[in-house]
Structure formats: structure tokens, C-alpha cells
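Asks: The structure's right below; bear with me while I get my questions together.
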Amino acid sequence: MAYHTLRQEYMLMPPVTRAYTTVCLLTSIAVQLDVVSPFQLYFNPLLITQKFEIWRLLTPFFFFGTFSFNFLFNMIFTYRYCRMLEEGSFRGRTADFVYMFIFGCITTVICAWFVNLLFLGHSLTTMFVYIWARRNPYVRMNFFGLLPFRAPYLPWVLVAFSVLLGNSVLVDILGIAIGHLYFFLEDVFPNQPGGRRLLATPRLLYANCDFRYQDEKLTS
């Protein structure tokens, strides 16, 4: 009974969120069981360009560490804000959501090429948080029930939390910067005099993502 309930809840997750969080979880399980090593996953420009280890352009987004409080915290935030975006401002727009994903990954990789970052999933999560927060400016929140604030301040609260934990804030700042770039290009600039949408989703994504999403809803 519990298995069927869990499976039903899993299948109710929107497709992109379900796919991404599943890959992240399976990657951490594989590392925990020593099936793969973090040294095979981390971002390394030299190994990409000289050894042609092309998978390193993707795997840094999938590994959030082995099972720990930090892993749980990151996975909860990834799942929560990825899902809220997909079911909120991207509802019925799977192709646009996938394109946002692609934009975030490509921009993060370009930035990581010039700074010393090994794993990039945390920056991508911070981008999700920033975009959601800017699109929901009047939502009231609190941090562990102690600090009330409005949604646009959430990314900066997470930066402060990283400082308290002694973590590097570079990944948070990078995610905020990329999230702001996407928000400006997608939400701000097109509404300015003479502005236009610079991040128009390719038709190929519409033909594949939205069709598959509709087909999945009909068969579920």
C-alpha cells in the first residue's frame, strides 16, 4: 500500500522536476555505494578539452554530495523550487522550462570555466530560487520559523546561511547572478520600450517537450 502511494506521488511530480531530482538522487546513491567516484564527476576544463571527458559538462549538476545534512538541504531546495517553478509560472510550458534549464546550465558552465568550481548543482538550485522569488515578490516567508521576510530576499538569506555554515558563497552568488540575468532577459527587457524576448524557446523543444508532456498526462 505504501509503495503504491509513494509511486503515485512520484508520478504526480511534473516531468522535468521528476527527471532531474531522480538523476541527482541516483548519482549520490552510486557514489555512496562506490559505483562511481566524485573524481569522475567533477567539473574540470582540462580533462574536458584535453582528455575529451565530455560528460563532465553535465555530471557536476547531478552530484550534491553523499548523504548528509548538506545533501538533504540541497535536495529539498532543488525539489521544492524546481517543482514550484514548473507548476507555477511555467505551468503548461514544459519546453520553456527545459530551455530555462539549458540556459542555466550553459551559463553556469561558461562561468565555471573561469572560476574554481567543482560541482555546479548548488548554483543551479540558487538560480531556481532566485527566479521563483522574483516572480513571487509578495509571498511571505520565514527561515526556520525565526526570521520573517518576503520572497525576493530568500536568495540573500541563503547566502547568509552559507556564511554561517562556513561554506563558500561563490556558488550562491553565481546562481543569483545567472538567475538575475535570466529574469532580466525574460521578464524585464521584453516589457521595456523597444525591448523584445531574447530567449525565445526553439521550436524543436516545443515539438518534443510539450508533446511528450501532453502524452504523459493522457496515459497517467
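The values are calculated or read from the model by the stated rules, or taken from the named source; none is laboratory data. Just so we're clear, the structure is a prediction, and the values are computed from it rather than from any experiment. Please note: Cβ atoms are built from the backbone with ideal geometry, for glycine as well, and neighbour counts cover all protein chains shown. Protein only, heavy atoms only, side chains kept; ligands, DNA and RNA dropped before computing areas. Shrake-Rupley method; radii C 1.70, N 1.55, O 1.52, S 1.80 Å.
Asks: Using helices alone, I'd like the mean residue ellipticity at 222 nm for the chain: each DSSP H run of four-plus residues gives -39500 (n - 2.57), total over residue count, nearest 500.
Replies: -18000 deg cm²/dmol
Asks: Let me ask something else about it. Express the accessible area of the range 57-148 per residue in Å², computed with a 1.4 Å probe while the remaining protein chains stay in the model.
Replies: For the range 57-148, the per-residue accessible area is 48 Å².
Asks: Treat the chain as a sphere of radius equal to its Kirkwood radius over Cα pairs and apply Stokes-Einstein at 20 °C in a medium of 1.002 mPa s; give the translational diffusion coefficient in µm²/s, rounded to a whole number.
Replies: D, rounded to a whole number, is 115 µm²/s.
Asks: Which one, Gly175, Gly88, Gly104, has the greatest fluctuation when you compute a Gaussian network model over the chain with C-alpha springs under 10 angstrom?
Replies: Checking each option, the largest mean-square fluctuation is seen for Gly88.
Asks: Is any residue of the range 79-101 close enough, with backbone N under 19 Å, to a label point placed 7 angstrom from the Cα of Tyr10 along the Cα-Cβ axis, and if so, which?
Replies: 79-80, 83
Asks: If you stretched the chain out fully between Gln32 and Arg203, how much longer would it get, using 0.36 nm times the residue separation minus the C-alpha to C-alpha distance?
Replies: Details: separation 171, 0.36 × 171 = 61.56 nm, distance 3.95 nm.
Working it through step by step, the gained length comes to 57.6 nm.
Asks: Put +1 on the Cβ of each Lys and Arg and -1 on the Cβ of each Asp and Glu in the range 1-219; which of Ser162, Ile29, Phe67 then has its Cα farthest toward the positive end of the dipole?
Replies: Ser162
Asks: How large is the dipole of the range 25-96 about the Cα centre if only Lys and Arg carry +1 and Asp and Glu carry -1, each at its Cβ, rounded to the nearest 20 debye?
Replies: Charge dipole of the range 25-96: 120 debye, to the nearest 20.
Asks: Classify the range 78-173 as rounded, prolate or oblate from the Cα gyration tensor: take a ≥ b ≥ c as the square roots of its eigenvalues, call it rounded if a/c is under 1.5, otherwise prolate when a/b beats b/c and oblate if not.
Replies: Note, shape of the range 78-173 comes out oblate.
Asks: With contacts defined as alpha carbon pairs under 8 Å and 6 or more residues apart, what's the relative contact order of the range 34-82 in percent?
Replies: Relative contact order, the range 34-82: 28 percent.
Asks: For the range 77-114 and the range 25-49, what is the separation of their Cα centres, given in Å?
Replies: 22
Asks: Also, I was wondering about something else. Taking the Cα centre of the chain as origin, work out the dipole magnitude from +1 charges on Lys and Arg Cβ and -1 charges on Asp and Glu Cβ, in debye rounded to 20.
Replies: 380
Asks: Computing the accessible area with a 1.4 Å probe over protein heavy atoms, can you report the carbon and sulfur percentage for the chain?
Replies: On the chain, the fraction of accessible area on carbon and sulfur atoms equals 66 percent.
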